[in-house]
Amino acid sequence: LQKILILLQVTLSVVVGKTLMILFPNAMKRYILKMGEKSRMNQNPKFSYENWGPTFFSFKYLLFVLKVKWKRLEDEAYEGQPAPNTPVVTLGGEVRHLLDFMADNRPLILNFGSCT
């Protein structure tokens with residue numbers, strides 16, 4: 001049921017967005033660029049709006065957003081419930097799942113960090 005609701009929500013969003021891009025291209029360009037500021041997409045001078053802007057509200061965009069939102073349904077964690085088996089990437093670039101690292105009855109400790 002959740003997947004169907006997400007499908008309807010994303011499809012409606014894409015249809016409305018695509019319609020607005022056709023009817024009001026300049027206003028939608030400003031809107032998309034404003035959204036790009038939040039993610040800093042438009043700060044790379046070699047990656048102009050013409051490279052990524054028109055992909056918004058396309059069929060590929062619809063499929064990508066659906067895939068991400070459906071995948072996130074599996075990644076929700078609740079107190080007192082088993083941990084989700086989220087995909088992770090090792091330092092060697094191999095895709096594994098979180099619970100692959102469990103050993104016997106020992107607790108699994110996750111350490112998150114950042115290097116800049």
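The values are calculated or read from the model by the stated rules, or taken from the named source; none is laboratory data. In this text, all values refer to a predicted model and were calculated from it rather than measured experimentally. Cβ placement follows ideal geometry from the backbone for every residue including glycine, while neighbour counts extend to all protein chains displayed. Surface areas here come from the heavy atoms of the whole protein model, side chains and all, with no ligands, DNA or RNA. Shrake-Rupley method; radii C 1.70, N 1.55, O 1.52, S 1.80 Å.
Residues in the range 63-92 that are aromatic (F, W, Y) and open to solvent by 100 Å² or more (accessible area, probe 1.4 Å) were compared, and the one that is farthest from the chain's Cα centre (by Cα) is Y78.
Being in contact (Cβ under 8 Å) with a residue 12 or more places away in the chain and within 26 Å of E37 (Cα to Cα): is that true of L99 here? Against the criterion (in contact (Cβ under 8 Å) with a residue 12 or more places away in the chain and within 26 Å of E37 (Cα to Cα)), L99 does not qualify. Candidates are the residues of the range 18-62 that are of a type in the set (S, T, Y) and in contact (Cβ under 8 Å) with a residue 12 or more places away in the chain; the one that is surrounded by the most Cβ atoms within 10 Å (Cβ to Cβ) is Y61.
Do we have K71 as in contact with a strand residue (DSSP E or B) (Cβ under 9 Å, 6 or more places away or on another chain), modelled with pLDDT under 85 and charged (D, E, K, R) here? Here the answer is yes, as K71 does meet what is asked.
Listed by first and then second residue, the pairs linking a residue in the range 81-92 that is of a type in the set (A, V, I, L, M) to a residue that is at pLDDT 80 or above and open to solvent by 80 Å² or more (accessible area, probe 1.4 Å), with Cβ atoms under 6 Å apart and 6 or more places separating them unless they lie on different chains, are V89/V95. Of all residues in the range 93-116, those being within 23 Å of the chain's Cα centre (by Cα) and modelled with pLDDT of 80 or more number 7.
Reported count of residues in the range 93-112, each being part of a loop (DSSP other than H, G, I, E, B) and of a type in the set (D, E, K, R), is 3. Identify all residues within the range 93-113 that are exposed (fewer than 10 other Cβ atoms within 10 Å of the Cβ) and of a type outside the set (S, T, N, Q); write none if there are none. Once the filter is applied, which keeps residues that are exposed (fewer than 10 other Cβ atoms within 10 Å of the Cβ) and of a type outside the set (S, T, N, Q), the range 93-113 yields G93, E94, V95, A103, D104, R106, P107, I109, L110, F112, G113.
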